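The next block holds one structure in the form of structure tokens; read it before the comments.
The values are calculated or read from the model by the stated rules, or taken from the named source; none is laboratory data. Being a predicted model, the structure only gives us computed values, none of them experimental. We place every Cβ from the backbone using ideal geometry, glycine too, and count neighbours over all the protein chains shown.
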């Protein structure tokens, strides 16, 4: 197993859906070993669907305060994972003067799903589960994992 980075930043467009989910999941499984944070290019209101699908895993994101990349003071990240094309461009610019790896995980925003409440929740669950699977591939956990 490759060594874990000491600090990871997730970046997306508004820090309301993809990046806070990724942050919370990585903290759940490696928060004692990795400093994890998230930010957006801009900020928006917290997303109720995110709160609901994360609560299903026993993770409470109701107090999440979206923040922008400009609000990140500590630049000592080993890895930035961008979750939207715009965030990837910004992360590359952000890291132009620091030693930090940048990865792009192109994950569509679930808010684009059509249909009623259950269809929306299903789209958010798919996003959550895709992030979970990618995180487990990138940052494996020893022993059995319970989502």
How many residues does the range 25-40 contain that are in contact with a helix residue (DSSP H, G or I) (Cβ under 7 Å, 6 or more places away or on another chain), closer than 17 Å to residue 77 by Cα and either in contact (Cβ under 8 Å) with a residue 60 or more places away in the chain or not in a strand (DSSP E or B) (or both)? 2
Go through the range 71-87 and give me each residue that's touching a residue at least 24 places away in the same chain (Cβ under 8 Å) and not in a loop (DSSP other than H, G, I, E, B). 71, 79, 80, 81, 82, 86, 87
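Can you confirm whether residue 58 is more than 25 Å from residue 116 (Cβ to Cβ) and more than 12 Å from the chain's Cα centre (by Cα)?
Working: more than 25 Å from residue 116 (Cβ to Cβ): yes; more than 12 Å from the chain's Cα centre (by Cα): yes.
Taking the combined requirement at face value, the residue satisfies it.
So, residue 99, is that one closer than 24 Å to residue 129 by Cβ, modelled with pLDDT under 95 and in a loop (DSSP other than H, G, I, E, B) or not?
No.
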Every residue in the range 48-70 that is more than 10 Å from residue 15 (Cα to Cα), in contact (Cβ under 8 Å) with a residue 12 or more places away in the chain and in a loop (DSSP other than H, G, I, E, B), please. 56, 57, 59, 61, 62
Of the residues that make up the range 58-80, is at least one touching a helix residue (DSSP H, G or I) at 6+ places or on another chain (Cβ under 9 Å), under 14 Å from residue 135 (Cα atoms) and surrounded by 24 or more Cβ atoms within 10 Å (Cβ to Cβ)? yes
Just one of the numbered conditions (1) surrounded by fewer than 18 Cβ atoms within 10 Å (Cβ to Cβ); (2) more than 25 Å from residue 123 (Cα to Cα) is not true of residue 103; which one? (2)
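In this structure, is residue 7 in contact (Cβ under 8 Å) with a residue 24 or more places away in the chain, closer than 14 Å to residue 79 by Cβ and either buried (at least 22 other Cβ atoms within 10 Å of the Cβ) or under 8 Å from the mean Cα position of the chain (by Cα) (or both)? Can you show your working first?
On the way: in contact (Cβ under 8 Å) with a residue 24 or more places away in the chain: yes; closer than 14 Å to residue 79 by Cβ: yes; either buried (at least 22 other Cβ atoms within 10 Å of the Cβ) or under 8 Å from the mean Cα position of the chain (by Cα) (or both): no.
Against the criterion (in contact (Cβ under 8 Å) with a residue 24 or more places away in the chain, closer than 14 Å to residue 79 by Cβ and either buried (at least 22 other Cβ atoms within 10 Å of the Cβ) or under 8 Å from the mean Cα position of the chain (by Cα) (or both)), residue 7 does not qualify.
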